[in-house]
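Accompanying notes for the structure given below.
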Amino acid sequence: MSDTQAQPTREPTLDELIAAYQREYRDLDPQVEKVVSSLGRLNRRMNVAYGRQLSDLGISNAEWEVLKHLVLAGDPYRLGPGELAKRLGLTPAAMTHRIDRMAGEGLVTRDRDENNRVRVIVELTDEGRSKWLEAMRMATDFEADVLQDLTPDERGVLGDLLIRLLDRVEGRS
């Protein structure tokens, strides 16, 4: 291979990453960095896997988020576009565009509220619920595979520890 051809790059191992960081920043706590780097790398890998699963179902992550919030609203799986936009941190125009696309794909319907004709209601369709359920099934299988080497007790401890970290980051502790 000539010097001008690109060599395939591999991501450094966590040990290599930590050693490089310590070389440049001597005050680094390697235990802290191992935890933080592991969590970051795991999060990235899981997001890629979830993205592939959603793509296989023909929906985007953005569409998944809308489906999720409609399901979280509970039966009959309805919310106003303004409430959806607020929950997703979107502008009303961005939400309208997303709802238009999803309605065209048969994932949601958009109708006037019978009790308030100026209000629009977005509702999950059977197709949208089916896609959500299949995505959940795929994610559950993937997550069980990721955690298969941990005992139920270890899973419980890990979950509790991660919640403590999350509470710290979110300012609840």
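Values for this structure:
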quantity	calculated
Among the candidates Asp153, Asp149, residue that is modelled with pLDDT of 95 or more, not aliphatic (A, V, I, L, M) and not in a helix (DSSP H, G or I)	Asp149
Unique residue being open to solvent by 70 Å² or more (accessible area, probe 1.4 Å), more than 21 Å from Leu57 (Cα to Cα) and in contact (Cβ under 8 Å) with a residue 40 or more places away in the chain when the list is Arg129, Arg117, Arg78	Arg78
Complete set of residues in the stretch 16-73 that are open to solvent by 40 Å² or more (accessible area, probe 1.4 Å), without any contact (Cβ under 8 Å) to a residue 12 or more places away in the chain and more than 26 Å from Phe142 (Cα to Cα)	Glu16, Ala19, Gln22, Arg23, Glu24, Tyr25, Arg26, Asp27, Asp29, Gln31, Val32
Criterion: surrounded by 13 or more Cβ atoms within 10 Å (Cβ to Cβ) and free of Cβ contacts under 8 Å to residues at least 12 places away in the same chain - qualifying residue of Ala139, Ala85, Ala135	Ala85
Residue list for the stretch 99-117, restricted to those being under 12 Å from Leu70 (Cβ atoms) and in a helix (DSSP H, G or I)	Ile99, Met102
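The values are calculated or read from the model by the stated rules, or taken from the named source; none is laboratory data. Small disclaimer: the values here were computed from a predicted structure and weren't measured. Note that each Cβ is placed from the backbone with ideal geometry, even for glycine, and that neighbours are counted across all protein chains shown. Remember, those area values only see protein heavy atoms, side chains included, never the ligands or the DNA or RNA. Shrake-Rupley method; radii C 1.70, N 1.55, O 1.52, S 1.80 Å.
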